[in-house]
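Trainee: Quick one: this structure, given as structure tokens, is what I'll be asking you about.
The values are calculated or read from the model by the stated rules, or taken from the named source; none is laboratory data. Given the structure is predicted, the values throughout are model-derived calculations rather than measurements. Positions of Cβ are generated from backbone atoms using ideal geometry, with glycine treated the same way; all protein chains shown enter the neighbour counts. The protein model used for the area step is the full one, side chains on, heavy atoms only, and it has no ligands, DNA or RNA in it. Shrake-Rupley method; radii C 1.70, N 1.55, O 1.52, S 1.80 Å.
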Amino acid sequence: MKTTKTSKTNTRPKIIFFAIALTYNLLLGIYLKDFLVLSPMLVTQYLLSALPTLFFVLKIRSTPMRAVVLIVLFFVMVISIVSSLSCRRLLPMLTFVVTAIEMMYFGIIDISSGKDKLLTKICILVLTAFIAALLFFSYNFVYRPEAPYLSNGRDTLWDTQTEELADEICAGCETDEEKVRAFYDWIVSNFEYDYDCYPLFQYFDVRKTLQTKQGICFDFSHLFAAFCRSQNIPCYAVDGTPYDRSKDPHTWNRVYFNGSWWDVDVTNDLSSTSDERSLYGFRELDGAFAPDKDYFITKIY
């Protein structure tokens, strides 16, 4: 009887933590469903959040196997922080939260000891290998992305509704230039600068930007990039600091069409339109990484 009571006592916290992690990932999946269809990076982040939950299903008793689980969870937490900071995204931190919950259980609460079955060891190692592959992919996406000017899920992120809107805006356009100018005109005509916005952590929320029709340079440049990239038009966002320090840091775009890269400052032009000042328009460049005459470029992404 004592053994049975002890077994039930040890099982109850595991069920509670498993239920919390499972519910969390289900809700996260529902929230992200319109992004997951289009962003391999978010799929990776979501799997890094969901797969470690399977460790709860396994009856892990030995210290070595528990150590393996803790090491895996630690690296998932690290890549979540790295992705969040490097890509200016809050969503990877959601993976961090659920992983921290799981690490708390396996590192502090689960103090059982014994010998693991062979099948348990195999399942742990297979799951660990799969998670390691996801970690490698996530690292490459952050630091060595292929075609960053087309990627979805780093600083620039869009969902299915954004892509449908982009299709609607450029309906009837035959060339990339026509599509780019249609996106430019639509943003300039429909948005206003939010002078009351002073973000502590700057990131692009496409749903909020489209809903409020307000934002700052970071929002407008990434919305423009999202529209262009959704149509397979290469587009970078560019961060810059003014040489004379008389202005604030700024973000604008570099877009590719008609065989050339072009500077375009949507934020400047939507503000200039309302103030009846001259527009920046489109200015041809020697290349995507050409220097700017007014700003020291700190990042092109």
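Trainee: Among ASN232, ASN258, ASN268, which one moves the most in a GNM of the chain with springs linking Cα atoms closer than 10 Å?
Mentor: ASN258
Trainee: Next up: On alpha-carbon atoms, Rg over Rh for the stretch 41-162 using Kirkwood Rh?
Mentor: Rg/Rh for the stretch 41-162 comes to 1.04.
Trainee: No other cysteine beta carbon under 4.7 Å away is the test; run it over the chain and list who passes.
Mentor: CYS87, CYS123, CYS197, CYS217
Trainee: If you don't mind, there's one more thing I want to ask. Normalised by the number of residues in the stretch 1-106, what is the relative contact order in percent for Cα pairs under 8 Å and 6+ residues apart?
Mentor: Taking the mean separation of contacting Cα pairs over the length of the stretch 1-106, I get 32 percent.
Trainee: Let me spell out the model: positive unit charges on the Cβ of Lys and Arg, negative unit charges on the Cβ of Asp and Glu, origin at the Cα centre of the chain. What dipole size does that give, in debye rounded to 20?
Mentor: 3000
Trainee: Provide the gained length on full extension for the span SER189 to LEU279, in nm with one decimal, where the gain is 0.36 nm per separating residue minus the Cα-Cα distance.
Mentor: 31.1 nm
Trainee: Next up: Quick check: convex hull over the Cα atoms of the stretch 188-300, volume per residue in Å³, rounded to an integer?
Mentor: Considering the Cα atoms of the stretch 188-300, their hull volume per residue is 120 Å³.
Trainee: If exposed means no more than 16 neighbouring beta carbons inside 10 Å and the site is in a DSSP loop, what's the longest run of the chain without any exposed GluC sites (Glu not before Pro)?
Mentor: 1-145
Trainee: Of LYS115, LYS59, which has the most accessible area with a 1.4 Å probe, and how do the rest follow in descending order?
Mentor: Final ranking, largest accessible area leading: LYS115, LYS59.
Trainee: Answer with one residue from LEU223, ASN258, PRO242: the one whose Cα lies farthest towards the positive end of the charge dipole of the stretch 150-301, charges on Cβ with Lys, Arg +1 and Asp, Glu -1.
Mentor: Of the candidates, PRO242 comes out farthest on the positive side.
Trainee: Quick one: order TRP261, TRP158 from most to least accessible surface, probe 1.4 Å.
Mentor: TRP261, TRP158
Trainee: For a Förster distance of 41 Å, can you work out the FRET efficiency between the beta-carbons of LYS33 and ASP244, rounded to the nearest 0.05?
Mentor: On the way: r = 47 Å, r/R0 = 1.14.
Once the sixth-power term is evaluated, E becomes 0.30.
Trainee: Something else: Taking R0 as 30 Å, what FRET efficiency do you get between ASP286 and TYR203 from their Cβ-Cβ distance, rounded to the nearest 0.05?
Mentor: For ASP286 and TYR203, the calculated efficiency is 0.45.
Trainee: On average, how much accessible surface per residue is there in the stretch 156-301, in Å², for a 1.4 Å probe, leaving out ligands, DNA and RNA?
Mentor: Computed with neighbouring chains in place, this is 50 Å² per residue.
Trainee: Considering the dipole of the chain built from charges on the beta carbon (Lys and Arg +1, Asp and Glu -1) around the Cα centre, which of LEU119, ILE169, TYR198 is farthest to its positive end?
Mentor: LEU119
Trainee: Using DSSP H assignments, which helices in the chain have an axial alpha-carbon span of 20 Å or above and a mean Kyte-Doolittle hydropathy of 0.0 or higher?
Mentor: Qualifying helices: 2-36, 63-86, 91-104, 118-143.
Trainee: Rounding to the nearest 20 debye, state how big the charge dipole of the stretch 143-275 is about its Cα centre with +1 on each Lys and Arg Cβ and -1 on each Asp and Glu Cβ.
Mentor: Charge dipole, the stretch 143-275, about its Cα centre: 380 debye, nearest 20.
Trainee: Under a point spin-label approximation (7 Å from Cα along Cα-to-Cβ), what is the GLU164-ILE109 distance to one decimal in nm?
Mentor: Inter-label distance under the simple model: 4.0 nm.
Trainee: What would the Debye formula give as log10 I(q)/I(0) at q = 0.10, 0.11, 0.14 Å⁻¹ for the alpha-carbon point model of the chain, no solvent?
Mentor: -0.64, -0.73, -1.00
Trainee: With springs only between Cα atoms under 10 Å apart, run a GNM on the chain and tell me which of SER189, SER246, SER260 wobbles the most.
Mentor: SER246
Trainee: Test of understanding: in a Gaussian network model of the chain with alpha carbons linked when under 10 Å, which of LEU32, LEU54, LEU200 would top the mean-square fluctuation ranking?
Mentor: Greatest mean-square fluctuation among the candidates belongs to LEU200.
Trainee: Right, another one. In what order, largest first, do TYR193, TYR243, TYR184 sit by accessible area if the probe radius is 1.4 Å? Spell out each step's value before the answer.
Mentor: On the way: TYR193 70, TYR243 125, TYR184 20 Å².
These residues rank, largest area first, as TYR243, TYR193, TYR184.
Trainee: Also, quick follow-up: Could you report the accessible area of ILE71 in Å², rounded to 10, computed with a 1.4 Å probe on the protein chains as they sit in the structure?
Mentor: 90
Trainee: Kirkwood hydrodynamic radius (Cα pairs, Å) of the stretch 115-166? Display every interim value, and only then the final one.
Mentor: Values: mean 1/r = 0.0716 Å⁻¹.
Across the stretch 115-166, the inverse of the average 1/r is 14.0 Å.
Trainee: I would also like to ask the following. Taking 4 °C and 1.567 mPa s as the conditions, I'd like the Stokes-Einstein D for the stretch 127-218 in µm²/s, using the Kirkwood hydrodynamic radius from alpha carbon pairs.
Mentor: The calculation lands on 81 µm²/s.
Trainee: What figure in square angstrom, to the nearest 10, would you give for the accessible area of THR63 with a 1.4 Å probe?
Mentor: 90
Trainee: Compute the relative contact order of the chain as a whole-number percentage, counting only Cα pairs closer than 8 Å that sit 6 or more residues apart in sequence.
Mentor: Numbers: 405 pairs, mean separation 47.2, N = 301.
The normalised contact order for the chain reaches 16 percent.
Trainee: Also, quick follow-up: Over what distance in Å are the Cα centres of the stretch 208-269 and the stretch 38-89 separated?
Mentor: 33
Trainee: Where the accessible area of the chain is counted over protein heavy atoms with a 1.4 Å probe, how much of it, in %, is carbon and sulfur?
Mentor: 61
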